[in-house]
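Structure first, then comments.
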Amino acid sequence: MTTEALTSTEYIRHHLQNLTCSLQGGHFHCAHDAAEAKVMGFWALNVDTLGVSLVLGVLFLFFFRQVAKSVAQGVPSGAQNFIEWIVEFIDNSVRGSFTGRSTLVAPLALTIFIWIFMMNLMDLIPVDYIPFVAEHLGLGHFKVVPSTDPNATIGMAIGVFFLVLFYSIKIKGVGGFVGELTLQPFGKFGLPVNLFLEGVNLIAKPVSLSLRLFGNMYAGEMIFILIALLPFYVQWTLSLPWAIFHILIVTLQAFIFMTLTIVYLDMAHQEHH
């Protein structure tokens with residue numbers, strides 16, 4: 001993909017367009033532009049987001065499993081040291097934010113942090129490499145950063161939201177959960193206001209989780225695309241410092257998503273918050 005072949009607007013739109021496909025008339029059809037993707041309807045799938053997320057998830061599980069199988073006594077390997085450091089870091093984060101008792105929270109936090117970090121890290125691949133390969137494979141579009149797709153971030157946030165609902169009902173019971181939504185903070189006489197405030201507070205959790213991650217990663221990707229539009233000798237001057245700084249953003253966004261998940265689950269385990 002070259003900037004000479006497209007105008008700046010077309011170039012940006014091309015790089016921000018997912019590989020969206022759906023089953024139509026018994027055939028798997030992929031959209032050529034955003035307008036065609038929009039009319040595909042609800043069952044249109046962003047194949048690049050799903051594919052990259054799945055591959056990264058499999059790599060994460062394979063690597064951690066291989067290290068776990070090869071754990072040795074005595075002097076550990078570099079990979080084992082790295083994994084143990086990550087696990088200890090996640091464990092300390094959970095202990096510091098989660099006051100309940102659950103065997104799910106720590107593994108969930110580890111999965112969220114590593115998986116989102118790997119998704120975000122794909123943003124460091126030069127913006128033209130994957131579209132260039134995709135174009136020669138006849139795909140037309142291919143976004144390699146799943147966390148710049150709101151469908152992915154909202155999907156993960158909804159998963160966390162259902163866990164919050166599950167533990168809220170499990171720990172407090174249906175009556176306790178409903179009472180929490182309707183009787184706080186103004187008691188039974190303020191039921192409509194209580195329900196509105198608590199309902200907004202509950203819905204805001206997955207919305208804030210998903211949009212924060214999406215917004216930060218989308219902005220980072222956009223900056224890389226804008227840098228790619230500049231003359232070649234300017235690109236290296238700007239892209240390297242931004243890539244180094246972006247490593248902090250990549251890590252921070254994964255950490256924030258993980259930490260908020262732990263906090264929300266901790267609130268679900270408490271009788272009052």
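General remarks:
- Spin-label model, residue 212 to residue 165: label points 7 Å out along the Cα-to-beta-carbon direction sit 2.2 nm apart.
- Here the contact order of the range 8-268, divided by its residue count and restricted to Cα pairs under 8 Å and six or more residues apart, works out to 25 percent.
- Computed over the range 22-163, the ratio Rg/Rh where both radii use C-alpha atoms and Rh is Kirkwood: 1.06
- Between residue 203 and residue 72, the FRET efficiency from the beta-carbon distance, with R0 = 45 Å, is close to 0.40.
- Sites listed here are trypsin sites (Lys or Arg not before Pro) in the range 30-122 whose DSSP assignment is loop and whose Cβ has at most 13 other Cβ atoms within 10 Å: 101.
- Cα pair distances in the range 196-273, grouped into 10 Å bins until the bin that holds the longest one, percent each: 16, 35, 23, 15, 9, 2
- Rounded to the nearest 0.05, the FRET efficiency derived from the C-beta distance between residue 222 and residue 248 at R0 = 22 Å is 0.80.
- One chain, two ends: residue 124 and residue 59. Fully extended at 0.36 nm per residue, the span grows by 21.6 nm beyond their Cα-Cα distance.
- Cut-off of 10 Å, at most 15 other beta carbons, DSSP loop: longest stretch of the chain lacking such GluC sites (Glu not before Pro): 5-270
- Taking Cα centre as origin and charging only the Cβ of basic (Lys, Arg, +1) and acidic (Asp, Glu, -1) residues, the dipole magnitude of the range 8-268 rounds to 780 debye.
- Sparse packing (at most 14 other Cβ atoms within 10 Å of the Cβ) combined with a DSSP loop state is found for the following chymotrypsin sites (Phe, Trp or Tyr not before Pro) in the range 1-108: 42, 43.
- The angle between the Cα long axis of helix 150-183 and the longest principal axis of the Cα atoms of the chain comes to about 10 degrees, rounded to the nearest 10.
- Most mobile of 15, 29, 141 in a GNM of the chain (Cα contacts under 10 Å): 29
- The chain: Lys pairs at Cα distance under 28 angstrom, eight or more positions apart or on different chains: 8
- 25 °C / 0.890 mPa s Stokes-Einstein diffusion coefficient of the chain, Kirkwood radius on C-alpha pairs, µm²/s: 115 µm²/s
Throughout, read-outs are computed from the coordinates displayed, never taken from laboratory work. The model shown is predicted, which means the values in this text are computed figures rather than measured ones. Cβ atoms come from the backbone with ideal geometry, glycine included; neighbour counts cover every protein chain shown.
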